[in-house]
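Beneath this line is the structure, given in structure tokens, with notes to follow.
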Amino acid sequence: MKVLTPECVFTYDGSLDGFFTVVFHAFHDRTEPSAIIPRGANTQIPLGSIIDVDTSVSKATRVRKGVVDRSDNRNVRLLHVAFLTGMPETNMLLWRYLKKLFQHPPGYFFRNMLDEDVYALVQTARRVRKEVHRFQGFVRFQKTKDQIYAAAIDPDNDVVKLLAPHFRARFPDRKWLIYDTRRKYGIYFDAEKLSQVELKGEAFDLTTGHIQQNARAMDEDYYRTLWQHYYEAINIMERKNHRQMRASMPKRYWKYLPEKGANWQTG
Amino acid sequence: MKAKVLKKLNILADAAKYDVSCSSSGSSRAAAAGEGTTKSAGICHSFTEDGRCISLLKILYTNHCIYDCAYCVNRRSNDKPRASFTVEELADLTIHFYRRNYIEGLFLSSGVLRNPDYTMEQLNAVARKLRNGYRFNGYIHMKAIPGADPLLVHEAGLLADRLSVNIEIPTEKQLIRLAPEKDFASVYRPMNQISQQMLISKEERKKYRHSPRFTPAGQSTQLIVGATPETDYTILKLASGLYSQQKLKRVYYSGFVPVNAHDKRLPVLKQPPLVRENRLYQADWLMRFYHFRHNEILDENHTQLDQQVDPKLAYALRNPHLYPVDLDKATYEEILRVPGIGVRSAKIIVANRRYGRITVAYLKKMGVAVKRARYFILCRELPQTSGMIYPEQIRKRLVRQNASAGEQLTLF
Ligand code: SF4
């Protein structure tokens, strides 16, 4: 075992289990992390010794069980949702939160929203859930020749898995794919079960989110054009209010929306 | 054929846009087979340039109309391009938009073609095609056409998640002036039928779980604001009655857009009365979520909503004896009445104050508008108001702040 300095940067594989494994080690070795960063992340790594932690499901499970024992299942879910921001700040917030949770008697600490870390955690999870809710609306499927409905998304948080249950309930008889072009993986539903997929090559155009022309179903461009016209037609000029439109639908979400994106004219 | 549909879509979406309601909420349908769900929290798929949520494909079946209502773009005396969909075209459009996740469902309205029965029958045929032909479980909001046979309205209620009958003009006298072929009876008849059938259906579903649902998302209506001289008090009183008697889910307020500028019966407006419309929505919000009665918001002596301050603040300024509210002890209802504190914050305060004192910094973090709330709460850290409130000064200060901040049209 490596000798630990009291302040360390931990790296892990980016999964929640990986993160919980880091938490396990930090507790076990009484180390105070100065940062907890996914391996290969594009962030500046602060000074300090770096410890790379291999994910251990059994260690992660022990941490998870500790959380359940001191709070409840909903709280584990809350941690999970907040964790999906993927931000180093959130990881540190979760670390502080877990430390406090384990210091307090079961059932007491986690409901106290006057504690700033509890409050921040609730807010962070709320932000992620808000994005999930937004993308239930902003996902745009395109029909392929093989009758698969495929959509590209580029959300701030890693929400594609949280979107899956909604679309599964909505389209139980249909094949669909929702692909996160930034995180380079997606969820595919084959009309029976969900699976995680990674695509090779340029399945989606990264500026417009379009699938390749030769993969599109015959009627795809037709319905997209109708939709673009519909969007224009229902606008009420007399009530123009760009500020409100942008507040509800920030510009960073526009690129894959056919009615907003750069692809309006070009098809 | 495709170019034809595009042309119809342009005409009939354009003609539908002044019906402001966009919501698709309050119903839940899961797809056991077939496709689609309706979610209880409305999902917005896009937002128009004017900031409204696009949830449903909002469209007219036809913009032909045998009537001539002064406030309407589709009235028969207007010289406009006219179009009608076929049942197949509209069902096809809806289902293909839905599968691409452009929309939550369909909001189908219409001008009156031939007669009310014929029109209602066409709308029903579209819904029937979607429900039975495509096994579509998404959201359907339909207009109940005033004057249509009650049997047709009943069928519509079994197909749709929500029905609406628009009152449009808040008093009968003004309605008849602007729409000589209409009266309140023609609007209230289908509205009352719908609310009664909803009640019956609810009772029956208690006994037989599989008895059919009737407009599970309830009914709504729309009132045009600023086309006629009614006061806000009249409008809120009407809305309050619609919520309590007809059990409406929503009343929508639509600032009058002068679509027929040359009509002498209508006022000349440079702009739709958007501030007034927003104040009405705020007042409506107070009735639905903040336990306010309409006659607490306005009364015979105060008949118009204050354009400068929101209705909750106006209420507080008129009732200084009810403040300041002690956040450590006050009831949830009392906290709800503090300007600047919303439903969510009020709940958090009540749930967490046992852990310690609610500080100003904490209120800010929660999103409470402290610059407004501060005059109405008791709080150690704030300069003592010694329990005395001087409404006029507070008002002046807050109005000035609003002006410099360029107040946004939002809810609290
Ligand atoms: S009946 Fe409806 S569509 Fe026809 S003119 Fe009146 S408001 Fe317009």
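Sorting B:GLU181, B:GLU155 from the fewest to the most surrounding beta carbons within 10 angstrom yields B:GLU181, B:GLU155. A straight Cα-to-Cα reach below 18 Å connects A:LYS193 with the lysines A:LYS161, A:LYS175, residues fewer than 8 places away in its own chain not being considered. Residues whose amide H lies under 5 Å from that of B:LEU57, counting only those 5 or more places away or on a different chain, are B:GLU104, B:GLY105, B:LEU106, B:PHE107; hydrogens are built 1.01 Å from N in the peptide plane.
The Cα atoms of the range B:140-270 cover 55, 28, 23 Å along the three principal axes, with the biggest extent listed first.
Each Lys and Arg contributes +1 and each Asp and Glu -1, all at the Cβ; summed about the Cα centre of the protein assembly as shown, the dipole is approximately 700 debye. Helices from chain A with mean Kyte-Doolittle at least -1.0 and a Cα length along the axis of 24 Å or more, per DSSP H: which? Span-like helices in chain A: A:116-138. Relative to the Cα centre, the charge distribution of the range A:8-131, modelled as +1 at Lys and Arg Cβ and -1 at Asp and Glu Cβ, gives a dipole magnitude of about 460 debye. Of the residues A:THR208, A:GLY14, A:PRO165, the one whose Cα sits farthest towards the positive end of the charge dipole of the protein assembly as shown is A:GLY14 (charges of +1 on Lys and Arg Cβ, -1 on Asp and Glu Cβ, taken about the Cα centre).
An oblate overall shape is assigned to the range A:59-120, the ratio a/c of its alpha-carbon gyration tensor axes (a ≥ b ≥ c) being 1.5 or greater and a/b not exceeding b/c.
A run of chain A free of exposed loop cleavage sites, with GluC sites (Glu not before Pro) counted only in DSSP states other than H, G, I, E and B and at most 15 other beta carbons within 10 Å, reaches its longest extent at A:1-191.
A simple charge model with +1 on the Cβ of Lys and Arg, -1 on the Cβ of Asp and Glu and nothing else charged puts the dipole of chain B at about 1160 debye relative to its Cα centre.
Filter the cross-link list A:LYS130/B:LYS247; A:LYS65/A:LYS255; B:LYS143/B:LYS371 down to pairs whose alpha-carbon distance in this structure exceeds 32 Å. A:LYS65/A:LYS255; B:LYS143/B:LYS371, as the Cα separations exceed 32 Å there. Under 18 Å of direct C-alpha separation, and excluding same-chain neighbours fewer than eight residues apart, B:LYS4 reaches these aspartates and glutamates: A:ASP219, A:GLU220, A:ASP221, A:GLU232, B:ASP14, B:GLU88, B:GLU89, B:ASP92. Dipole of the range B:3-297 computed with +1 at Lys/Arg Cβ and -1 at Asp/Glu Cβ about the Cα centre; of B:ASN10, B:GLN193, B:VAL112, farthest Cα towards the positive end is B:GLN193.
Sorted into 5 angstrom bins from 0, the C-alpha pair distances of the range A:133-189 split as 4, 19, 36, 26, 12, 3, 0 percent. Per-residue Cβ neighbour counts within 10 Å put A:SER56, B:SER109 in the sequence A:SER56, B:SER109, beginning with the fewest. For the range A:97-138, applying the loop criterion from DSSP together with a ceiling of 15 other beta carbons within 10 Å to the chymotrypsin sites (Phe, Trp or Tyr not before Pro) yields A:TYR108.
For the range B:257-314, applying the loop criterion from DSSP together with a ceiling of 12 other beta carbons within 10 Å to the GluC sites (Glu not before Pro) yields B:GLU300. Farthest towards the positive end of the charge dipole of chain B, among the residues B:LEU163, B:MET142, B:ILE394, is the Cα of B:ILE394, using unit charges on the Cβ of Lys, Arg, Asp and Glu. Note on B:HIS64, A:HIS28, B:HIS210: ascending count of other Cβ atoms within 10 Å places them as B:HIS210, A:HIS28, B:HIS64, the fewest first. Within chain B, the longest run free of trypsin sites (Lys or Arg not before Pro) that sit in a DSSP loop with at most 11 other Cβ atoms within 10 Å is B:1-208. Span-like helix check, chain B: no full DSSP H segment qualifies, none having both a Cα axial length of 30 Å or more and a mean Kyte-Doolittle of -0.5 or more. Taking amide H atoms as placed 1.01 Å from N in the peptide plane, the amide H of B:SER46 lies under 5 Å from those of B:ILE54, each 5 or more residues away in sequence or on another chain.
Here the ratio of the Cα radius of gyration of the range B:3-297 to 2.2 N^0.38 Å is 0.96. The shape of the protein assembly as shown comes out oblate: with a ≥ b ≥ c from the C-alpha gyration tensor, a/c is at least 1.5 while a/b does not beat b/c. Overall dimensions of the range A:139-264, expressed as equivalent-ellipsoid semi-axes from the Cα gyration tensor (√(5λ), whole Å, largest first), are 26, 17, 15.
Considered as an equivalent ellipsoid built on the Cα gyration tensor, chain A has semi-axes of 40, 21, 18 Å, the largest given first. Distance between the C-alpha centres of the range A:90-113 and the range B:58-84: 61 Å, rounded to the whole angstrom. The label point for B:ASP183 and the one for B:ARG76, both projected 7 Å from the Cα toward the Cβ, are 2.0 nm apart.
Derived value for the range B:121-174: Kirkwood hydrodynamic radius 12.1 Å. Basis is the mean of 1/r over every pair of different alpha-carbon atoms.
Using every pair of separate Cα atoms, the Kirkwood estimate puts the hydrodynamic radius of the range B:311-405 at 13.5 angstrom.
Computed from the coordinates by the stated procedures, all read-outs in this text should not be read as laboratory data. Nothing here was measured: the structure is a model prediction, and the numbers come from that model. In this analysis, Cβ positions are derived from the backbone assuming ideal geometry, glycine residues included, and neighbour counts consider all displayed protein chains.
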